[in-house]
Amino acid sequence: MNDLRDFLAECKEKGELHTISAEVDWNLELSHVAKLNEEAGGAGLLFENVKGYDMPVFTSAFTTPSRMAIALRQPSHYSMCNLSREWMLLTTKELIKPKLVDSGPIMENVIEGDQINLLDFPVPLFNKLDGGRFIGTAVYLITKDPDTGWVNLGTYRMQVHDNNRCGVQMIKGKHGDLTLRKYKEMNKKMPAVAVIGGDPLLFLVGSSMIPFQTDEYDIVGALRGEPLEIVENDLTGLPLPAHAEIALIGEIDPNDLIGEGPFGEYTGYYSGEPIPKTFLNVKRVLHRNNPIFWACIVGRPINDVCMIQSLNRTASLWADLETMKIPGIKSVYIPASSSGRFWAVVSVQQLYPGHSMQVGTAVISTTTGSYGLKGVIVVEDDIAADDWDQVLWSLSVRYDPKRSTQIINRGRSTSLDPSLPIDSRQIVSRIIMDACTPFEWKDKPKSVLLDKDTVEQVRKRWKEFGFKYDPSF
Ligand SMILES: Cc1cc2nc3c(=O)[nH]c(=O)nc-3n(C[C@H](O)[C@H](O)[C@H](O)COP(=O)(O)O)c2cc1C
Ligand SMILES: [Mn+2]
């Protein structure tokens, strides 16, 4: 798989793509059709006939694990937990650098200077109170560290301001922001390219917390199992994926700001009032012949963003815990329904007194868990971290609120947490819920377990009982 087109073809073949040929308006209608289809657990959508445009729009790429699995080249029955584990394993091995090629389909069309109009693309208005039309949702911004040459891909939402300027909302501390600060010190503008399309892994990796000074391209290579093809653009010298659909090439002036937002976010709430933010001044647009525009629907979970965050935060939290070499970790899960970031569940085989609480306190101290997470639930190893019914059962029968809870008063938060007052969202409290029977108890309650011999006997006689399905035990 080299590009978005290959991904769409594979989705189609597996019944995971629905094409809409009826005319749909970019103004609210498109996002609403997509959102309602996502809520029904529907397929990815390709809008072929967007009012006033002849360019198709793709949405809902990752709202089910089965399509996420296609992008990740994993078996389609894999759960999110399985997919995260594969991600963790592949990205903590040797990384694979991209391969520079002379040309690629992204060079097929070039638009320069005053010929550029960002609204020549079928940019949706997603929700009624959005500050404008957002061209960048399924997007990644490419920048380069002027000192070390580190190439970063980061997904930051992008609102169209006018013909050739669009906002880039880089939250403080994100890699794009750290690089921009260097340019600011040098009194220079930062060259940057916003890209849509290419291998879908590019967007997945661009929106993941990849470690500082690690090139996202190398992570994409590791997940692909082969190098990604890149071309070097003459205007900025930044490496672009050769098979991308659309590239907006330009620069960001660290000292020039335009009011951006609000935007109906993946938490199900709007981000606050318009705030002055940096923007991309687009000097050149590249696109393939017959380009496909790609967008992520937002609003209340489940949506693409929550799924992506669930995937990459589960993987990075799992990797963090592995790095700490805490024994007994069985599975880790940050559910998409927690907006893909606010709650974590870890399953652990308890080996010594205090072990389960060690896991809980470890989680909130990891790189992943120290940002925005507000709760950890630790369960015993007979329960998978992504089996919510069993997790709730655990909280019912192994958990005593006073004994099993610890509250941490101050942790790093996110400005997108709607449970905090709008003007003080820097700090959040955290809760650790230890839903494990204390290891040191001498007199443990006795689990009702099925008798092994009888189970074996039942398995042998299964067909005799007239069941039409095979035993799964
Ligand atoms: C669709 C989507 C939109 C996002 N929008 C933003 C955003 O506007 N600002 C931001 O800082 N992070 C945003 N994120 C999260 C970042 O992509 C994520 O933190 C990523 O790690 C950033 O890359 P970096 O670590 O290289 O800075 C978004 C993620 C997704 C999936
Ligand atoms: Mn990065």
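The values are calculated or read from the model by the stated rules, or taken from the named source; none is laboratory data. None of these values were measured; they are calculated from a predicted model. Methodologically, a virtual Cβ is constructed for each residue, glycine included, from the backbone with ideal geometry; neighbour enumeration extends over all protein chains shown. Each accessible area value is taken on the protein alone, full model and side chains, heavy atoms only, with ligands, DNA and RNA left out. Shrake-Rupley method; radii C 1.70, N 1.55, O 1.52, S 1.80 Å.
Which whole-number percent gives the relative contact order of the range 324-435, counting Cα pairs below 8 Å spaced six or more residues apart?
On the way: 203 pairs, mean separation 30.3, N = 112.
Reported as a whole number, the value is 27 percent.
Restricting to the range 324-435, what percent of DSSP beta bridges are antiparallel, rounded to 5? Kindly include the intermediate steps, with their values, before the conclusion.
Values: 10 of 22 bridges.
Counting DSSP beta bridges with both partners in the range 324-435, the antiparallel share is about 45 percent.
Taking θ = phi - 60°, what integer Hz values does the Karplus form 6.51 cos²θ - 1.76 cosθ + 1.60 yield along the range 306-315, in sequence order, with x for Gly and Pro?
3J(HN,Hα) across the range 306-315, in whole Hz: 4, 5, 5, 5, 4, 4, 7, 6, 4, 5.
Calculate the spin-label point distance for K184 paired with N49, positioning each point 7 Å from the Cα along the beta-carbon direction, and give it in nanometres.
Rounded to a tenth, the inter-label distance reads 4.9 nm.
From the protein chains alone at 1.4 Å, what is the descending order of accessible area for K460, K93, K468, largest first? List each step's numbers first, then the result.
Details: K460 160, K93 135, K468 195 Å².
Accessible-area ranking of K460, K93, K468, largest first: K468, K460, K93.
Provide the net charge surrounding V348, with neighbours chosen by a C-beta distance below 12 Å and charges set as Lys +1, Arg +1, Asp -1, Glu -1.
Values: positive: K330; negative: E380, D381, D382, D434.
After counting each charged neighbour, the total is -3.
For the range 80-285, what is the charge dipole size about the Cα centre, in debye to the nearest 20, if Lys and Arg each add +1 at the Cβ and Asp and Glu each add -1 at the Cβ? Please report the intermediate quantities before stating the final value.
Numbers: 20 positive and 28 negative charges, 112 e Å.
So the magnitude is around 540 debye.
What share of Cα pairs, in percent, lie more than 22 angstrom apart in the range 80-285?
Numbers: 10213 of 21115 pairs.
Of all Cα-Cα distances in the range 80-285, 48 percent exceed 22 Å.
Only Lys, Arg, Asp and Glu count, each charged at its Cβ (+1, +1, -1, -1), so figure out the dipole size of the chain about its Cα centre, rounded to 20 debye. Walk me through the numbers before you get to the answer.
Details: 50 positive and 60 negative charges, 301 e Å.
That gives a dipole near 1440 debye.
Where in the range 381-452 are there chymotrypsin sites (Phe, Trp or Tyr not before Pro) that are in a DSSP coil and have at most 10 other Cβ atoms within 10 angstrom of their Cβ? Numbers along the way, then the final one.
On the way: sites: W388, W393, Y399, F439, W441; in loops: Y399, F439, W441.
Filter output for the range 381-452: W441.
With every protein chain in place, what's the accessible area of H18 (1.4 Å probe, Å², nearest 10)?
The accessible area comes out at roughly 100 Å².
Can you compute the FRET efficiency between R403 and L351 using 1/(1 + (r/R0)^6), with r the Cβ-Cβ distance and R0 = 25 Å? Round to the nearest 0.05. If you can, show how the numbers build up before the last one.
Numbers: r = 20 Å, r/R0 = 0.79.
Plugging the Cβ-Cβ distance into 1/(1 + (r/R0)^6) gives 0.80.
Tell me which of F467, P191, P122 sits at the most positive position along the dipole axis of the chain, charges placed on C-beta atoms (Lys, Arg +1; Asp, Glu -1).
F467
Mind checking the full-extension length gain between L119 and W441? Use 0.36 nm per residue of separation minus the Cα-Cα distance, one decimal, nm.
Working: separation 322, 0.36 × 322 = 115.92 nm, distance 6.56 nm.
Result for the pair: 109.4 nm of gain on full extension.
What does the accessible area of C11 come to, in Å² to the nearest 10, when a probe of 1.4 Å is used?
C11 has an accessible surface of roughly 0 Å² with all protein chains in place.
So how do V298, V110 rank on accessible area, 1.4 Å probe, biggest first, that is with the largest at the start?
On the way: V298 10, V110 80 Å².
From most exposed to least exposed: V110, V298.
How large, in percent, is the carbon and sulfur part of the accessible surface of the range 324-435 at a probe radius of 1.4 Å? Intermediate values should be presented prior to the final figure.
Working: 2640 of 5050 Å².
Summing carbon and sulfur atoms, their accessible area is 52 percent of the total for the range 324-435.
Over the chain, what is the relative contact order in percent, taking alpha-carbon pairs closer than 8 angstrom and at least six residues apart? Don't jump to the answer; show the numbers that get you there.
Working: 1046 pairs, mean separation 66.5, N = 473.
Computed over the chain, the figure is 14 percent.
Give the dimensionless ratio obtained when the Cα radius of gyration of the chain is divided by 2.2 N^0.38 Å.
Values: Rg = 23.8 Å, N = 473, 2.2 N^0.38 = 22.8 Å.
Ratio of Rg to 2.2 N^0.38 Å for the chain: 1.04.
Sort all Cα-Cα distances of the range 324-435 into consecutive 5 angstrom bins from zero, then give the percent of pairs in each bin up to the one containing the longest distance.
2, 12, 23, 24, 20, 11, 5, 2, 0
As I understand it, the dipole of the chain uses +1 on the Cβ of Lys and Arg and -1 on the Cβ of Asp and Glu, about the Cα centre. Which of V33, Y156, L83 lies farthest toward its positive end?
L83
Heavy-atom accessible area per residue, the chain, 1.4 Å probe: how many Å²? Please list the in-between numbers first.
Working: 21270 Å² over 473 residues.
Counting only protein heavy atoms, the per-residue value for the chain is 45 Å².
Report in % the part of the accessible area of the range 81-169 that belongs to carbon and sulfur, leaving out ligands and nucleic acids; probe 1.4 Å. List each step's numbers first, then the result.
On the way: 1770 of 3840 Å².
Of the solvent-accessible surface of the range 81-169, carbon and sulfur hold 46 percent.
With only alpha-carbon pairs counted, each pair once and no self-pairs, how large is the Kirkwood hydrodynamic radius of the range 402-473 in angstroms?
Values: mean 1/r = 0.0561 Å⁻¹.
Result for the range 402-473 stands at 17.8 Å.
Quick one: net charge of K446's neighbours, Cβ under 15 Å, K/R +1, D/E -1? All intermediate terms of the calculation are to be shown ahead of the outcome.
Values: positive: R398, K442, K444; negative: E380, D382, D443, D451.
Value of the local net charge: -1.
Whole-Hz Karplus ³J(HN,Hα) for the range 33-50, in order, using 6.51 cos²θ - 1.76 cosθ + 1.60 and θ = phi - 60°, x for Gly and Pro?
Calculated HN-Hα couplings, in order: 4, 5, 4, 5, 5, 5, 5, 8, x, x, 6, x, 10, 10, 8, 8, 10, 8 Hz.
Towards the positive end of the charge dipole of the chain, with charges on Cβ (+1 Lys, Arg; -1 Asp, Glu), say which of G113, A242, G411 has the farthest Cα.
G411
Treat every Asp and Glu Cβ in the range 324-435 as -1 and every Lys and Arg Cβ as +1, leave all other atoms uncharged, and give the resulting dipole magnitude about the Cα centre to the nearest 20 debye. Display every interim value, and only then the final one.
Values: 11 positive and 10 negative charges, 102 e Å.
In debye, rounded to 20, the range 324-435 gives about 480.
Give the ranking of V160, V458 by solvent-accessible surface, highest area first, calculated with a 1.4 Å probe. Kindly include the intermediate steps, with their values, before the conclusion.
Values: V160 15, V458 50 Å².
Accessible-area ranking of V160, V458, largest first: V458, V160.
Would you calculate, for the chain, the mean residue ellipticity at 222 nm contributed by helices, counting each DSSP H stretch of 4 or more residues as -39,500 (n - 2.57) and dividing by all residues, to the nearest 500?
Working: 12 runs with 122 residues, N = 473.
Value at 222 nm, helices only: -7500 deg cm²/dmol.
In the structure shown, do any of K330/K463; K174/K277; K446/K468 have a Cα-Cα gap over 22 Å, and if so which? Display every interim value, and only then the final one.
Working: K330/K463 34 Å; K174/K277 14 Å; K446/K468 34 Å.
Pairs exceeding the cut-off: K330/K463; K446/K468.
Viscosity 1.567 mPa s, temperature 4 °C: Stokes-Einstein D of the range 143-213 from its Kirkwood Cα radius, in µm² per second?
Details: Rh = 13.1 Å.
It comes out at roughly 99 µm²/s.
Within the chain, what percent of beta bridges assigned by DSSP are antiparallel, to the nearest 5? Walk me through the numbers on the way to the answer.
On the way: 53 of 75 bridges.
Antiparallel: roughly 70 percent of the beta bridges in the chain.
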